[in-house]
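Structure first, then comments.
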Amino acid sequence: MPDLIHLLPDSIANQIAAGEVIQRPASVVKELVENSIDAGASYIRIGIKDAGRTLIQVIDDGKGMSGTDVRMAFERHATSKIKEVNDLFGLTTMGFRGEALPSIAAISQVEVKSRRDEDELGTLLVINGSRLEKQEFISCAAGTSVSVKNIFFNVPARRKFLKSNETERRNIFSEIERIVLVNPHIAFTLIENDIETLHLPKTSLRQRIVQLEGKNVSQQLIEIEEETTLGKIYGYVARPEFARKGRVNQFFFVNNRFIRHPYFHRAVMTAFEPLIAANEKPEYYIYFQVNPDTIDVNIHPTKTEVKFENEQALWPILMVTVKESLGKFNAIPSIDFDTNDAPEIPIFDPSRSATMPRLNVNPDYNPFHNPHSERQSPSPPAFGWEQLYQGFEKEKEVTPEEDIHLQSVLFNASGPNHDHPETELYPEHYQYKQKYILTSVKSGLMIIDQHKAHIRILFDKYLEQIRHRKGVSQRVLFPEVLELSAAEAATLPSLMDDLEALGFELSNLGNNSFAVQGVPSEIENVDASLLIRTMIGKSMETGSDVKAEIQEAMALSLASLTAIPYGRVLTSEEMLLIVSQLFVSKTPTYTPDGQRVISMLSDADIEKKMK
Ligand code: ADP
Ligand code: MG
């Protein structure tokens, strides 16, 4: 019997190893751009076709390579960056393992052109799935250009697992974002399918953040800076009033490398905690410069966790630094004790004799029918009224069976009191702490959260509008300009259809700016840019390719932002409308994200308490 063990051919070994370094087009972008930075480039141009599936090209004006070096660069563990093991502890370069180029070449078709300034001719190298196809002298610009074509062409299983173009682009963007945020002194451009989508001239750190995230961030940034024997901490945090619920930028970098650090994240959150609501997230861009031998960089190339030797000692320094900056820049608002939540007690005037309050009711009014007749209501409330009615008009017809069921759920078994026509014929609704609607039902007292109930109602409505393209657009007189970050702008096209279905009309002004020409007719007075950015953020957060999930995320964020807030005084008509519309929903008891809308205090509970 022959021996069984044999060495794998290099090409297969490389392909297996490549899986560790190169998982998706974004990993190629990261590795190539980092090489350009290590080569001292001052300008880096990134070209992408089909979200990196067909082409990723990185061109730099760095120091270039000699003919031998170009060839050597594709050997596994060939690197110019370390020579001995001790070098590992003083690293100042992004790469050092010498794995990226051979890994990339193992799973794609690579073409490199490179020339050192001092050489007259450069080198062209073509490698196809680890196989050297061509090496020759050519005349080319000083610096290096690497083209990576047809990623995973020879690893169909991996190619199949690439996500949608939107997801792959998003990943590319976030890699680029992490790199450009530590290299403001380098100019970058990104060209996607021959269109320039990112143009970042060299600038200061603050301006780089602004270039990336849009002009409106500028006023939000508060500088932080602290130098200690353990290292330097600097960067920016956004003022607490700009903390948001959805996706926000939270970046840590150590020695110019993006890292995740849940422990340091807690330090920042501790500083922000008294200033923001529990579910809001503050933005931050925080940079550490520490002695390279106090962090463990000998990490896996795709991992972003880094171990600091002085973590415990750095934690309070970071916390206090952020806290002090927030204080120094007067970011701490005067604290308003929440009188909002206190029950409203009318002032008793003993000189006036009390009179029985009179209720003006329309005994013919039925919340389930004939919504148009109510449009002539005498005093339309400032907010929510229109939305309530609009939702109402578009509701499905209620069948007689449902009607009976709903009535019995909603209303006392005793029914209308015909002996006293002046008293309330429908159940009375009582607003408690401008937060809950209390109503007496057959089996007890029903407590309805006004904000969440409206979220449920609007969510159902917006989802219906998206799915059936029913939204009505209202042209705006003075279009607002929406300035998106590069990552947001990259996500927008995939949402455009649904945004239009809701009634938004956007026109592209270039440079990641859009004019908001039309908004859904029912949300006229709400900040349209905020709505759109929140929807983009939400759908980025879901990280899903599934259309239905993205649509739900959009409908939910729009509903949450436009729903009647807490603290709003509701008229009896509004309360009646909310309650009746809520029960048209198939799932009135919970919001789409699982928060309780309705709670019951049963007769038995009440009886027990009264004993
Ligand atoms: P590493 O970056 O870990 O050293 P790579 O496989 O990414 O490994 O690159 C191998 C070597 O090729 C680098 O050490 C560097 O000497 C050279 N190299 C790669 N890209 C460039 C570039 N854009 N300009 C100059 N030299 C480069
Ligand atoms: Mg490298």
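Take the residues of the range 99-117 that are over 18 Å from I22 (Cα atoms), away from ligand 2 (no atom under 16 Å from the Cβ) and in contact (Cβ under 8 Å) with a residue 40 or more places away in the chain: which is least open to solvent (accessible area, probe 1.4 Å)? Checked the range 99-117; the qualifying residue least open to solvent (accessible area, probe 1.4 Å) is R115. So, of the residues in the range 206-228 that are part of a helix (DSSP H, G or I) and open to solvent by 30 Å² or more (accessible area, probe 1.4 Å), which turns out to be farthest from T189 (Cα to Cα)? Top of the filtered list is Q219.
Mind checking which residues of the range 21-36 are more than 13 Å from ligand 1 (Cβ to nearest atom) and open to solvent by 20 Å² or more (accessible area, probe 1.4 Å)? Across the range 21-36, the qualifying residues are Q23, R24.
Taken over the range 1-56, the residue count meeting the criterion of being within 16 Å of K163 (Cα to Cα) and polar (S, T, N, Q) is 3.
Scanning the range 535-594 for residues that are free of Cβ contacts under 8 Å to residues at least 60 places away in the same chain, among the hydroxyl-bearing types (S, T, Y) and either closer than 29 Å to E500 by Cβ or open to solvent by less than 50 Å² (accessible area, probe 1.4 Å) (or both) yields S539, T542, S544.
Counting only helices (runs of 4 or more DSSP H) that sit completely within the range 1-94, those holding 3 or more residues that are polar (S, T, N, Q) and away from ligand 2 (no atom under 13 Å from the Cβ) correspond to 10-21. Within the range 434-465, the set of residues being assigned to a strand (DSSP E or B), open to solvent by less than 20 Å² (accessible area, probe 1.4 Å) and among the polar types (S, T, N, Q) comprises T439 only. In the set (1) open to solvent by less than 40 Å² (accessible area, probe 1.4 Å); (2) more than 9 Å from ligand 1 (Cβ to nearest atom); (3) at pLDDT below 75; (4) closer than 26 Å to A187 by Cβ, T92 fails one condition alone, (1).
If you go through the range 229-255 and keep only what is open to solvent by less than 60 Å² (accessible area, probe 1.4 Å), within 17 Å of R178 (Cα to Cα) and not in a strand (DSSP E or B), you end up with V248, N249, N255.
Here G503 fulfils each of the conditions (1) buried (at least 20 other Cβ atoms within 10 Å of the Cβ); (2) within 23 Å of V248 (Cα to Cα) apart from (2).
Per the listing D38, D50, D87, D60, the residue uniquely closer than 26 Å to H185 by Cα and out of contact with any Ser or Thr (no Cβ under 9 Å at 6 or more places or on another chain) is D87. I'm trying to understand the selection: among the residues of the range 55-68, which are touching a residue at least 12 places away in the same chain (Cβ under 8 Å) and open to solvent by 50 Å² or more (accessible area, probe 1.4 Å)? I59, D61, K63, listed by residue number.
Residue selection: A39 satisfies the criterion of being closer than 30 Å to P292 by Cα, open to solvent by 10 Å² or more (accessible area, probe 1.4 Å), within 12 Å of ligand 1 (Cβ to nearest atom) and touching a Lys or Arg at 6+ places or on another chain (Cβ under 6 Å).
With respect to the conditions (1) open to solvent by 50 Å² or more (accessible area, probe 1.4 Å); (2) more than 14 Å from ligand 1 (Cβ to nearest atom); (3) not hydroxyl-bearing (S, T, Y), V126 lacks only one, and its number is (1).
Results for (1) at pLDDT below 90; (2) in a strand (DSSP E or B); (3) charged (D, E, K, R), shown as yes or no for each residue.
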{"position": "S103", "(1), (2), (3)": "no, no, no"}
{"position": "S147", "(1), (2), (3)": "no, yes, no"}
{"position": "E168", "(1), (2), (3)": "no, no, yes"}
{"position": "E175", "(1), (2), (3)": "no, no, yes"}
{"position": "P184", "(1), (2), (3)": "no, no, no"}
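Considering each residue of the range 476-497 in turn, at least one proves to be assigned to a loop (DSSP other than H, G, I, E, B) and touching a residue at least 12 places away in the same chain (Cβ under 8 Å).
The values are calculated or read from the model by the stated rules, or taken from the named source; none is laboratory data. Quantities reported herein were computed from a predicted structural model and do not represent experimental measurements. Glycine also receives a Cβ, built like all others from the backbone with ideal geometry; neighbour counts cover every protein chain displayed. Accessible surface is based on the protein model in full, side chains and every heavy atom, while ligands, DNA and RNA are left aside. Shrake-Rupley method; radii C 1.70, N 1.55, O 1.52, S 1.80 Å.
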